[in-house]
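Notes for the one structure printed next.
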Amino acid sequence: MRLILLGPPGAGKGTQAERVCAAHGLVHLSTGDLLRAAVKAGSDLGNEAKAFMDAGNLVPDTLVLALVRERLDQPDAEGGFLLDGFPRNVSQAEALAEDLGARAVESVVHMKLEDEEIVRRLLGRGRKDDTESVIRNRLQVYRDETAPLIAYYQAQTVEGQSGERHSLLRTIDAQGSMDEVFDRIQDALSSQNSNQSGTGASV
Ligand code: B4P
């Protein structure tokens, strides 16, 4: 399975990604985690990314794409992967589609959550980039740059078992307990899989 979890900061992408990867045997690729590891290691890439992350802005595409390409080129990614926090804008999505070619993404799960619940969760998490003003900026960046991916993936379709076409995107409610949200994702994936005939995506 090749899957994207899409949603605002704090929707629980990282939380659910771990569960979904464990359940389906997928490689978990979180650009947030890869970037934080690069910052911690003090690499050139990490040093360049740090100021963007601290302010809640997107890190430049060239840096993020270098990390993603390196990870997706590893042999274990052949068996399926989950992209968590990537792509974050349309140009990253276009670069991904080009890189993947025939290994195209099969499902996109959009996790929807209200701003006030997001702020509450992230203030509770208490990461360095989880101050209220940085969170509000990340929400604005999400609306401006990432939310257009909802329509982008909604418009992409895969062929169903009886020849009809279905959107790649499924939207789920990310409000509720971690178990409830996980069950909704599992339902979205099984309805997507039962609809697909295995042929590639098209627009
Ligand atoms: P990310 O690391 O992607 O982080 P996130 O969006 O804040 O969190 P996520 O949605 O994964 O929420 P989580 O499960 O942790 O991004 C950080 C920064 O990296 C970005 O601001 C940007 O600068 C940079 N970056 C990353 N990818 C990039 C890209 N592709 N391009 C450019 N820049 C990029 O959950 C949040 C909290 O909620 C946790 O405390 C969790 O325990 C709690 N929670 C989860 N589910 C819950 C539930 N159901 N109920 C109650 N609480 C819940």
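Inside the stretch 39-74, residues that are under 15 Å from ASP99 (Cα atoms) and either hydrophobic (A, V, I, L, M, F, W, C) or more than 10 Å from the ligand (Cβ to nearest atom) (or both) make up a count of 12. Candidates in the stretch 175-192 are the residues that are of a type in the set (S, T, N, Q) and within 15 Å of the ligand (Cβ to nearest atom); of these, the one that is surrounded by the most Cβ atoms within 10 Å (Cβ to Cβ) is GLN186.
Yes/no matrix, rows are residues, columns are (1) assigned to a helix (DSSP H, G or I); (2) of a type in the set (Gly, Ala, Ser); (3) at pLDDT 95 or above:
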| residue | (1), (2), (3) |
| --- | --- |
| GLY14 | yes, yes, yes |
| ARG19 | yes, no, yes |
| ALA22 | yes, yes, yes |
| ASP33 | yes, no, yes |
| ALA38 | yes, yes, yes |
| ASN47 | yes, no, yes |
| ASP54 | yes, no, yes |
| LEU58 | no, no, yes |
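Of the residues that make up the stretch 2-23, is at least one away from the ligand (no atom under 11 Å from the Cβ) and without any contact (Cβ under 8 Å) to a residue 12 or more places away in the chain? Scanning the stretch 2-23 turns up at least one residue that is away from the ligand (no atom under 11 Å from the Cβ) and without any contact (Cβ under 8 Å) to a residue 12 or more places away in the chain.
When the test is whether a residue is outside any strand (DSSP E or B) and either at pLDDT 95 or above or of a type in the set (Phe, Trp, Tyr) (or both), ARG103 does not pass it. Just so you know, in the stretch 75-100 the residues that are assigned to a helix (DSSP H, G or I) and more than 14 Å from the ligand (Cβ to nearest atom) include one that is surrounded by the fewest Cβ atoms within 10 Å (Cβ to Cβ), and it is PRO75.
The values are calculated or read from the model by the stated rules, or taken from the named source; none is laboratory data. This structure is a prediction, so every number in the text was calculated from the model and none was measured. Quick reminder, even Gly has a Cβ in these numbers, built from the backbone with ideal geometry, and neighbours come from all protein chains shown.
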